[in-house]
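Contents: one structure, followed by commentary.
Readers should treat all values here as calculations from the given coordinates under stated rules, not as data from a laboratory. Quantities reported herein were computed from a predicted structural model and do not represent experimental measurements. For neighbour counting, all protein chains shown are included, and Cβ atoms are generated from backbone atoms with ideal geometry for every residue, glycine included.
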Amino acid sequence: MKKFQFSFAFSIIVLVLSGCKEQPPEPKNNDITPGKREYIWSVDTLFYHPGGQTLLTSLWGSSSTNVYTVGHDAHAGTATMWHFNGEKWSIVGLLPAYGGQIEGPYDLQSIYGFDSANIYACGNRIYQTFSSTPPYFLDSTFIIHFDGVSWKEIDIKREKGQLFRIYPMQNQNIWFSGHNYFLYSLIDNQFHIDSIPASMGGLSHLAVNIMGIYTDNLNSLYTLLTVFDDTNGDEWNYNYVKLNSGWMAIDSFSLQSVHRWGASFVWRNNDGTLYSCGDGIFQRTESVWIQIFKPGFIIKKLWGTSNENIFALSVGGPVYHYNGIDWSELSLPQVNEFRTAGIWGTSDEVFISAHDGNKTIMIHGK
């Protein structure tokens, strides 16, 4: 593989973007009010029985009595969305046949809202190629929006492929990314399409997974992405910054080398603190990712309400919690029988979705 070569001049640019500030003092344990760790847990099964498969992977809510989750429903052959009103979960009708306004088929992968009347969900619309040879079906970009009254599809250019993740920014701006090098952004109520350079190292047959978009204290825009070489299974991870001249790589590591950040997921706390997870959990301090926890499992998703209340979902393993003092494995009902997928909550309640490839359970702690 041809590696990136970074010039001295570009290193200076990176230093300028990173800034130079003193490290904040480490908090003392007696200055911390530990986050809640003791919950009374209950379990709801979400399963549209005629379908034989209900896989819910992403959650968001405006309160503990207004929670949404999205995923796949095999019976409908399309996306499924469920809503929790504080007492029970029920299916949200998106298709016209169920009272909605959005024609299928399509799938949903992620959901995020700014308030109860401004919610986005993204995924892919599925369409036939009408070709005599494979592929017979392809994915196109799909975004829907809830205005407090109804869900509607957003009319955008859809040829860029499936979207998997949503990244909120300041002033209710929002970014969407998927398994390609294209980014969709909604800035000041206008949609834009951007792209990360795809010809990395002169390689071909690349699959690009953009797994993080964030800004620093200088408001510079960064992405973290993973590149897979489909010919041999190799994997590389890159950190890009957006300059006036376009996107440029400023750091990288291979799957076999020391991981410089978490290559699975990026999460921004309410106070602006950035975390990434993968082979451990990393916190971004100034311009450096610092590993703060390394359990025996790959961490695939983070969520929390403060630096003293962080949850971590692992791949095929336990759920961890940080209360501002230490990390601890949570004892959850039925979690060993299912694979955790999504998480959302408040300072007092938490919802964790998990599935076994057939049905979804919602583990609710309060």
message = Cut-off under 16 Å on the C-alpha distance; same-chain residues fewer than 8 positions from LYS359 excluded. Which aspartates and glutamates are left, in chain and number order?
response = ASP44, ASP73, GLU337
query = Computed on alpha carbon atoms, what radius of gyration and Dmax characterise the stretch 290-355, expressed in Å?
reply = 11.3, 33
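Could you work out the relative contact order of the chain? I mean the mean sequence separation of Cα pairs under 8 Å and 6+ apart, divided by the number of residues, in percent. Could you put the intermediate results ahead of the total?
Numbers: 858 pairs, mean separation 56.7, N = 366.
Computed value for the chain: 15 percent relative contact order.
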query = When the chain is fully extended, how far beyond the present Cα-Cα distance does THR285 get from SER116, taking 0.36 nm per residue of separation?
reply = 57.6 nm
inquiry  = Using a 7 Å offset from the Cα along the Cα-to-Cβ direction at both ILE154 and SER195, what is the distance between the two label points in nm, to one decimal?
reply    = 2.0 nm
request  = Would you work out if the stretch 251-366 is rounded, prolate or oblate? Take a ≥ b ≥ c from the square roots of the eigenvalues of the alpha-carbon gyration tensor; rounded if a/c is under 1.5, else prolate when a/b is larger than b/c, oblate otherwise.
outcome  = oblate
Distance between modelled label sites at GLU38 and ASP230, nm, 7 Å Cα→Cβ extension = 5.4 nm
request  = With only Lys, Arg, Asp and Glu charged, each at its Cβ (+1 for the first two, -1 for the last two), find how big the charge dipole of the chain is about the Cα centre; round to the nearest 20 debye.
outcome  = 380 debye
remark   = Per-residue ellipticity at 222 nm attributable to helices in the chain (runs of n ≥ 4 DSSP H, -39500 (n - 2.57) apiece, nearest 500 deg cm²/dmol) works out to -1000 deg cm²/dmol
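Residues with beta-carbon under 14 Å from that of SER328, excluding SER328: net charge, scoring Lys, Arg +1 and Asp, Glu -1?
Working: positive: LYS36, ARG37; negative: GLU38, GLU308, ASP326, GLU329.
Taking every Cβ under 14 Å from that of SER328, the sum is -2.
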The stretch 93-198, dipole about Cα centre (Lys/Arg Cβ +1, Asp/Glu Cβ -1), debye to the nearest 20 = 180 debye
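Taking 30 Å as R0, compute the FRET efficiency from the Cβ-Cβ separation of TRP327 and THR45 and round it to 0.05. Don't skip to the end; give the middle numbers.
Numbers: r = 29 Å, r/R0 = 0.98.
Efficiency computed from Cβ-Cβ geometry: 0.55.
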From the C-alpha gyration tensor of the chain, square roots of 5λ in Å = 31, 28, 20
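Given a cut-off of 32 Å, name the pairs among LYS152/LYS301; LYS152/LYS294; LYS36/LYS300 whose C-alpha atoms lie farther apart than that in the structure shown.
On the way: LYS152/LYS301 28 Å; LYS152/LYS294 42 Å; LYS36/LYS300 22 Å.
In this structure, LYS152/LYS294 lie more than 32 Å apart at Cα.
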note = Per the C-alpha gyration tensor (a ≥ b ≥ c, the square roots of its eigenvalues), the stretch 218-317 is rounded if a/c is under 1.5, else prolate if a/b beats b/c, else oblate; here it's oblate
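Normalising by the residue count of the stretch 251-302, find the relative contact order in percent from Cα pairs under 8 Å and 6+ residues apart. Before the final figure, lay out each step's value.
Working: 95 pairs, mean separation 16.1, N = 52.
Result for the stretch 251-302 is 31 percent.
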task = Could you pull out the longest piece of the chain with no exposed loop GluC sites (Glu not before Pro) in it, calling a site exposed if DSSP puts it outside H, G, I, E, B and it has at most 11 other Cβ atoms within 10 Å?
result = 160-366
In sequence order, calculated HN-Hα J values of the stretch 345-350 (Karplus, 6.51, -1.76, 1.60; Hz; x Gly/Pro) = x, 10, 5, 10, 10, 9
request  = Read phi for every residue in the stretch 312-321 and hand back ³J(HN,Hα) as whole Hz from Karplus 6.51 cos²θ - 1.76 cosθ + 1.60, θ = phi - 60°, with x for Gly and Pro.
outcome  = 10, 9, 9, 7, x, x, x, 9, 10, 9
